[in-house]
Amino acid sequence: MKLFDVYPLFDINIVKGKGVNVWDDKGQEYLDLYGGHAVISIGHCHPHYVEMMTKQLNTLGFYSNSVINKLQVELAERLGKISGYEDYQFFLINSGAEANENALKLASFKNGRKRVLSFEKAFHGRTSLAVEVTNNPKIIAPINDNNHVTFLPLNDLEAWEKELAKGDVCACILECIQGVGGVNMVTPEFAQGLQKACKKYGSILICDEIQCGYGRSGKFFAHQWLGIRPDIISVAKGIGNGFPMGGILISPDFEPVYGQLGTTFGGNHLACTAALAVLDVFENEGLVENAHLVGEYLMDELKQLQQRTTHIKSVRGQGLMVGVVLDIPHKEVRNKLIYEQHCFTGCASTDILRILPPLCLTRDNVDDFIQRFETVLNEL
Ligand SMILES: Cc1ncc(COP(=O)(O)O)c(C=O)c1O
């Protein structure tokens with residue numbers, strides 16, 4: 001049997017990782033400023049993570065959600081504390097798309113409505129509801145196209161208020177820093193105005209923190225830069241540092257109903273152990289603060305690089321989620337970075353490099369990257 005060929009692949013076989021580096025099967029080392037698509041939060045193969053996972057695997061890998069799982073309770077308590085959402089409730093699933101799927105379902109159960117407002121260029125995942133609120137017709141199959149969603153421009157509060165005033169909007173879903181859309185930033189004025197309008201018209205505010213959250217922005221959640229408190233927050237990617245998991249933080253206004261949501265694998269013992277190890281390292285190594293400080297340094301260095309080279313039009317982002325807008329397609333730049341400079345980065349649109357490193361990135365790593373990036377820019 002062959003693989004179902006849906007991914008355009010780099011001709012590289014990554015077999016090992018440590019901290020912010022990965023190695024291919026020929027022993028070539030790479031600097032990883034992509035984190036396997038913003039997934040690696042505490043660094044590859046962190047010793048504490050490996051130790052906790054090994055211990056758990058030797059004790060119990062999985063049991064179902066029909067019995068008490070104290071690891072889930074511990075995780076909810078720890079996450080509540082570190083994120084500033086101690087009064088919220090936590091539901092665990094296996095991926096980002098599933099997190100948004102459950103967030104939207106819960107919103108609809110709550111107010112009985114079906115309509116959703118989402119940003120132009122939004123990306124929320126590939127399952128039925130998650131893909132329907134994603135603004136990319138190429139990945140929406142006819143079966144997912146059910147006319148539930150209106151896509152509206154980023155930060156155009158008047159347009160959003162006008163739709164909300166119709167009184168039939170179930171939920172508004174937003175990435176406070178758009179990932180796939182190109183590292184576009186929501187403004188505090190928009191976010192606060194939207195929260196007010198959602199409350200006024202009985203709509204649920206959902207923040208998708210799957211990419212921009214979990215410490216990446218330099219606060220625990222990106223929306224915490226904007227002065228809002230959403231009704232539901234979806235998380236995934238960095239929560240398990242590569243162990244597939246997702247979750248939603250749910251406001252105390254929502255009453256849980258037995259059987260309304262459920263999952264076989266979500267919140268299993270290994271998953272919770274991965275997430276607890278991640279939170280341990282966040283606390284022990286101050287990784288959220290590190291994302292803030294090293295992110296600012298990265299941004300400054302990129303702006304200086306913009307002055308002394310050609311091809312960088314602008315730099316934007318927050319913490320360790322940074323977009324570099326180029327005046328040329330990103331393809332050649334990214335290829336040169338990977339194949340010649342041995343440095344992974346992400347991309348967005350046709351002309352944006354997206355930098356999403358592990359949150360343990362150091363200033364030395366930044367200096368190293370800038371040198372490699374400058375070499376590439378000078379050769380183009
Ligand atoms: C903002 C955002 N939401 C949702 C998802 C979907 O997550 P997953 O691929 O784990 O389903 C992604 C993945 O890239 C994302 O960036």
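The values are calculated or read from the model by the stated rules, or taken from the named source; none is laboratory data. The shown structure was predicted, so the numbers you read here are calculated from the model rather than taken from an experiment. We place every Cβ from the backbone using ideal geometry, glycine too, and count neighbours over all the protein chains shown.
Structure notes:
- Members of segment 91-105 that are surrounded by fewer than 23 Cβ atoms within 10 Å (Cβ to Cβ) and more than 10 Å from the ligand (Cβ to nearest atom): 105
- Residue 220 being under 30 Å from residue 294 (Cβ atoms) and not charged (D, E, K, R): yes
- Hey, residue 213 small (Gly, Ala, Ser) and within 23 Å of residue 49 (Cβ to Cβ) or not: yes
- Each residue in segment 108-125 was checked for being within 16 Å of the ligand (Cβ to nearest atom) and either outside any strand (DSSP E or B) or under 18 Å from the mean Cα position of the chain (by Cα) (or both), and 8 of them qualify.
- Taking segment 351-380 as the range and being part of a loop (DSSP other than H, G, I, E, B) and over 20 Å from the mean Cα position of the chain (by Cα) as the test, the residues that pass are 351, 362, 380.
- Scanning segment 176-229 for residues that are more than 12 Å from the ligand (Cβ to nearest atom), more than 14 Å from residue 118 (Cβ to Cβ), out of contact with any Ser or Thr (no Cβ under 9 Å at 6 or more places or on another chain) and of a type in the set (A, V, I, L, M) yields 185, 191, 228.
- Residue ID - surrounded by the fewest Cβ atoms within 10 Å (Cβ to Cβ), chosen from residues in segment 181-227 that are in a loop (DSSP other than H, G, I, E, B), of a type in the set (Val, Ile, Thr) and touching an Asp or Glu at 6+ places or on another chain (Cβ under 9 Å): 186
- Qualifying residues in segment 6-33 (those that are part of a loop (DSSP other than H, G, I, E, B) and closer than 19 Å to residue 373 by Cβ) - the one farthest from the ligand (Cβ to nearest atom): 28
- Residues (more than 11 Å from the ligand (Cβ to nearest atom) and either in contact with a strand residue (DSSP E or B) (Cβ under 9 Å, 6 or more places away or on another chain) or outside any loop (DSSP other than H, G, I, E, B) (or both)) located in segment 126-146: 128, 129, 132, 135, 137, 138, 139, 142, 143, 144
- Summed over segment 34-69, residues that are buried (at least 19 other Cβ atoms within 10 Å of the Cβ) and within 16 Å of the ligand (Cβ to nearest atom) total 6.
- The selection criterion, being surrounded by fewer than 22 Cβ atoms within 10 Å (Cβ to Cβ), closer than 30 Å to residue 164 by Cβ and in contact with a helix residue (DSSP H, G or I) (Cβ under 8 Å, 6 or more places away or on another chain), does not hold for residue 112.
- Single residue of 374, 301 found to be in contact with an Asp or Glu (Cβ under 9 Å, 6 or more places away or on another chain) and on the phi < 0 side of the Ramachandran plot: 301
- Selection over segment 153-180 of residues that are closer than 26 Å to residue 318 by Cα and part of a loop (DSSP other than H, G, I, E, B) gives a count of 9.
- Selection of first residues in segment 75-104 that are acidic (Asp, Glu) and of second residues that are within 12 Å of the ligand (Cβ to nearest atom), restricted to Cβ pairs under 6 Å at least 6 apart or on distinct chains, gives the following pairs, ordered by first then second residue: 98/246; 101/127; 101/129; 101/130.
- Only one of 255, 289 that is among the acidic types (Asp, Glu), away from the ligand (no atom under 16 Å from the Cβ) and either in the same structural domain as residue 359 (by TED's automatic domain parsing) or part of a helix (DSSP H, G or I) (or both): 289
- Flag if residue 40 is in contact with a strand residue (DSSP E or B) (Cβ under 9 Å, 6 or more places away or on another chain) and farther than 30 Å from residue 198 by Cα: yes
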